[in-house]
Each structure stands twice: as structure tokens, then as C-alpha cells.
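Have a look at the structure below, then the notes.
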Amino acid sequence: MRDERVSRRGFLAEAGTVTAGAAVFRTDVGLAAHAPPRLRIGPIRRVGFEGRKYIEPWIAANPRDRANLVVVGSRYLGQVATPSTFHLEPDAWFTTDGGATWSAGDIAGTTDLRAETAYFSDAFATYAPDGTAFLVYLGSPAGNRSELWIWRSSDGGRHWLGPTHLVGAFDYPRLAADLHQGRPRLFVAVAADGDRPILGRKRMTGYGCAILRSDDGARTFSFASFLAPTTLQHDPIDSPIILPNGRLLVGFADYAAAPSDDQPREHITHGRIYTALSPDGGSTFSAPAPIRDVLTHDGFVVLAADQSSGPRRGRVYALSHNRKATPHGPRLQTSDDGTLWTPPTAVPNVRAAPIPHAAVAVSSQGVLGLAWIEAEPGDPVEPDNKAWASREHSWQLYLRASADGGATFTAPIPVLKTPSRTDPRIPRWPHGGDYISLATAPDGSFHLLWVDTRDGRREIQTTRIDVEQ
């Protein structure tokens with residue numbers, strides 16, 4: 001995880017049912033808008049051991065068991081005098097009661113990985129349709145940031161088998177899994193330096209988004225594709241995604257790395273977000289389709305697809321946001337197949353405030369869920385600015401939903417009873433990481449995950465959101 005790449009505790013919230021007013025947002029012209037859903041936000045639960053600090057957690061839900069979810073993340077153990085600067089070790093947890101309680105999972109081989117120089121970040125987890133779970137980390141026990149470590153679990157995250165270790169010039173890995181010939185097949189989308197061999201494959205000039213594939217449950221991997229190599233950086237965004245028609249959708253961003261003496265790029269002020277589709281398991285892809293331009297190191301996009309059996313099955317949603325630049329607030333786009341995107345439209349009734357992180361998901365009932373961290377109006381989020389990062393900054397976590405594909409929304413609902421604050425003692429991740437996470441269980445519930453950075457605790461927290469229509 002490069003520091004120059006596009007980055008991406010709270011007190012208990014009062015549990016109860018929130019009935020929110022509708023806000024008009026026209027994406028389904030000609031379709032009747034539905035009444036907005038009712039959201040029941042449950043109590044906030046801590047994940048992990050009390051007193052430990054964590055960064056960059058991710059949550060995933062078992063598609064075959066509504067009560068089983070897993071969380072993976074990195075335990076923060078301080079700063080060290082190595083090129084990676086931070087001591088981070090892998091941790092995982094699972095629940096069998098829908099998130100009411102959490103237990104530590106056993107990650108095989110981590111005894112050998114827990115060195116003082118260890119650096120394991122960019123945690124991500126996913127499930128295959130048969131309930132097999134997979135997790136990935138970037139890093140190594142020696143502090144090398146560019147290696148991949150992948151585990152699998154067939155018992156809901158109690159035990160993680162592996163690891164499979166992939167050496168290369170990698171960054172920001174993301175996973176998706178389907179079934180192929182009755183067995184789990186795993187895809188890894190990862191930023192890669194094509195000027196270095198990828199899984200033994202000959203060099204390819206430029207940076208790109210590499211697609212790696214495993215047909216044997218993450219035991220071995222092969223190189224499948226290399227998307228859009230140029231001299232710019234390329235990172236996957238909330239993808240790959242297996243669409244209902246079986247196609248593999250990959251979203252990625254291109255952008256200029258931080259300026260340097262040998263490669264000045266101050267003149268490249270914007271990046272671009274794309275999606276590409278593969279009909280054959282990642283071997284070939286359609287020409288990348290642009291979603292939108294974003295300001296470099298400021299604009300971000302997250303993706304989700306409707307996997308329900310409802311009228312918008314297969315629709316893909318892109319939610320964008322800015323940390324500093326105006327206009328503030330989340331903006332939504334849609335695509336029926338990932339090849340042609342609607343223009344960005346502001347999600348209504350949101351304060352004009354910077355948004356450092358956001359998440360989007362579609363429930364098994366076809367309800368669109370949005371979540372975001374919102375800073376105070378007039379306080380641009382500047383984590384790379386040492387003066388900004390050295391101070392505490394107030395932030396709140398919001399949630400809203402739509403039962404009609406974004407035609408109407410619930411009003412924004414604050415998740416935390418009182419706002420959290422950034423943690424200036426770990427300036428690299430002032431809001432707990434480069435992302436927040438929103439999972440959907442097969443019973444139609446959402447599960448929101450974040451790090452509350454109040455008072456330097458850096459505690460992983462989650463809450464269950466039930467939807468009533």
C-alpha cells in the first residue's frame with residue numbers, strides 16, 4: 001500500500017426504528033417511486049479485543065447463512081524503523097449470531113508472520129456462493145508492502161487455511177468468488193507494476209490492474225489479464241464483482257502518483273474511474289467504460305451491484321465523493337450493465353461537507369444502502385497535510401437507503417450518538433483506514449463496519465441495520 005496512492009470508538013447508538021422522509025432523486029424516469037423504507041439500527045458492537053488498536057477492517061456476509069459474517073483487519077502495534085514505518089499484524093473474527101457477538105478466528109501460519117517488522121494491510125474478505133470464505137492481505141513479515149497473502153475458510157471464519165503467498169509488485173488487492181464446475185473460483189483484482197513479472201509472466205510495460213484467478217480454492221493462482229496499462233497508477237475500486245449473469249465486472253481508477261524529482265506530474269490534476277466486463281472468467285475484457293473524472297488524490301468512487309431477484313437485478317451503482325473539493329456530498333450514478341453510465345447526480349438533503357470515506361451496497365431485497373463518514377462543513381479533509389493531521393477533527397457516520405433504485409431516499413440517519421474525532425497520533429489513517437465497509441446478509445439486513453478513532457482507541461465497531469418496507 002503506497003502512501004502516495006489514492007487513499008481511500010463510538011458511543012452506543014440508540015437502537016430503534018427510524019422512519020425517514022423521502023427525498024426525490026430521479027434515476028428511474030417513468031417508474032413509480034416507492035415509499036422510503038424504515039431502517040432499524042441496532043446497538044453498536046465492538047469487534048476485537050478491548051484496548052487493541054486496529055486499522056482498515058472489512059466485513060463480509062455468508063450468502064448461505066444469515067447469521068454468519070466475518071471481519072478481517074490489521075492490528076496496529078506502533079511505528080518501527082523499517083521502510084514500511086508501521087507494525088501491522090493480521091487478525092480475523094467471525095459471528096454466528098448475526099453480529100451480536102464476535103469471536104477470534106484462527107489464521108493458519110500467522111505465528112511465523114508476527115514479527116516486529118511485520119506489515120499486513122489492505123485487508124479484504126469475500127464469500128463464494130457455497131459459503132467458502134477467502135481473505136487477503138498486502139505485505140509481509142519483513143515489511144515488504146507489495147506481496148499478497150491469501151487464506152480460505154470452509155467453516156465460516158473459525159479457521160483460515162493457507163496461506164498462499166504471491167510475490168510481486170502489488171497494491172490494494174480486492175476479491176470476488178463464484179462457482180465454476182461446482183467448485184469455488186476466486187478472482188483477485190490488484191494494482192500491479194507491469195515492468196516486473198506477474199506470477200512469472202513476462203514483463204509488460206506500464207502500470208495496470210492485474211486480474212489473478214484460482215480454480216482450486218486459493219491454493220494456486222494464474223495470471224488472467226492486465227487491464228489498461230499506462231505510466232499512470234491503476235487501483236481496483238470495490239471490485240471485482242460477479243454480476244447475476246455471471247460476467248466479471250472490474251472497476252479501477254487511473255491517476256498520477258505523487259510528484260517526484262524524476263517523474264513530475266503536477267500538470268495531471270484529474271484521474272478517471274472505469275469499469276470493464278469479462279464474459280469468460282477474466283481471460284478477456286471489454287474496452288474500459290469511463291464512469292467519471294475525479295480530482296487527483298481527492299475524488300473517490302465505490303461500486304455495488306443489485307444481485308436480488310427484483311426489477312433492478314444486475315444494475316450497478318457508483319457512489320462518488322470528495323475530501324476537499326466542491327461540490328460536497330455524495331453523487332450517484334447507475335448502469336444497467338457496467339458499460340454505459342448515467343451522469344453523476346447529487347444525492348439530495350446532504351450537508352455541504354467533505355466526505356473522506358463512503359460505502360454502497362444493495363440488499364438481497366433490492367434495497368440500495370449508502371453510508372459515509374462526514375466531516376464538519378468548512379473543514380477539508382487533508383490527511384497528507386501535517387498541520388491538519390496533527391489536530392483532532394470531528395466526524396459523524398451517516399446512513400440512508402432507497403427501495404426504488406435511488407428515485408427516493410430516507411433522510412440521512414446519524415449512526416453514532418455523538419460524533420467521533422480523528423486520531424492525530426496515527427496520522428496516516430486519521431479516520432481508521434482508507435475505507436469503510438457495508439455488507440448485506442441473505443435476510444436483507446445491512447452490516448456497517450468502521451473504526452471509531454475517538455480518544456485514540458481505534459476500535460473496530462459494527463452495527464446491524466434491518467430494513468422494513
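The values are calculated or read from the model by the stated rules, or taken from the named source; none is laboratory data. All of these numbers come straight from a predicted model, not from anything done at the bench. With ideal geometry, Cβ positions are generated from the backbone for all residues, glycine too; neighbour counts draw on all protein chains shown.
Key figures for this structure:
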read-out: Failed item in (1) modelled with pLDDT under 95; (2) crowded, with 23+ Cβ neighbours inside 10 Å; (3) of a type in the set (Asp, Glu), with GLU374 passing the rest; value: (1)
read-out: Some residue of region 191-201 being modelled with pLDDT of 90 or more and either touching a strand residue (DSSP E or B) at 6+ places or on another chain (Cβ under 7 Å) or assigned to a loop (DSSP other than H, G, I, E, B) (or both); value: yes
read-out: Residues within region 65-102 that are under 30 Å from GLY444 (Cα atoms), surrounded by fewer than 20 Cβ atoms within 10 Å (Cβ to Cβ) and in contact with an Asp or Glu (Cβ under 7 Å, 6 or more places away or on another chain), tallied; value: 2
read-out: Condition met for ARG428 (modelled with pLDDT of 95 or more and of a type in the set (Lys, Arg)); value: no
read-out: Considering residues of region 103-146 that are acidic (Asp, Glu) and touching a His at 6+ places or on another chain (Cβ under 7 Å) only, the residue surrounded by the most Cβ atoms within 10 Å (Cβ to Cβ); value: ASP106
read-out: Check on PRO240, surrounded by fewer than 22 Cβ atoms within 10 Å (Cβ to Cβ) and within 20 Å of ARG174 (Cβ to Cβ); value: no
read-out: Members of region 130-160 that are part of a strand (DSSP E or B) and either over 17 Å from ASN62 (Cα atoms) or of a type in the set (A, V, I, L, M) (or both); value: ALA133, LEU135, VAL136, TYR137, LEU138, GLY139, SER140, LEU148, TRP149, ILE150
read-out: Candidate set from region 139-190 (those that are over 22 Å from TYR435 (Cα atoms) and among the β-branched types (Val, Ile, Thr)); member that is modelled with the lowest pLDDT; value: VAL167
read-out: Checking HIS165 against (1) surrounded by 18 or more Cβ atoms within 10 Å (Cβ to Cβ); (2) closer than 28 Å to GLN233 by Cβ, the condition it does not meet; value: (1)
read-out: Number of positions in region 83-97 that are of a type in the set (Val, Ile, Thr) and in a strand (DSSP E or B); value: 1
read-out: Those strands (runs of 3 or more DSSP E) lying entirely in region 15-69 with at least 3 residues at pLDDT 90 or above and either touching a Leu at 6+ places or on another chain (Cβ under 7 Å) or more than 21 Å from ALA100 (Cβ to Cβ) (or both); value: 53-61
read-out: Hits in region 98-129 (condition: more than 22 Å from the chain's Cα centre (by Cα) and in a loop (DSSP other than H, G, I, E, B)); value: ALA100, THR101, ALA108, GLY109, LEU113, ARG114, ALA115, GLU116, THR117, ALA118
read-out: Scope region 314-333; condition surrounded by fewer than 19 Cβ atoms within 10 Å (Cβ to Cβ) and either on the phi < 0 side of the Ramachandran plot or hydroxyl-bearing (Ser, Thr, Tyr) (or both); matching residues; value: LYS324, ALA325, THR326, PRO327
read-out: Qualifying residue in region 423-431 (condition: among the hydrophobic types (A, V, I, L, M, F, W, C) and within 21 Å of the chain's Cα centre (by Cα)); value: yes
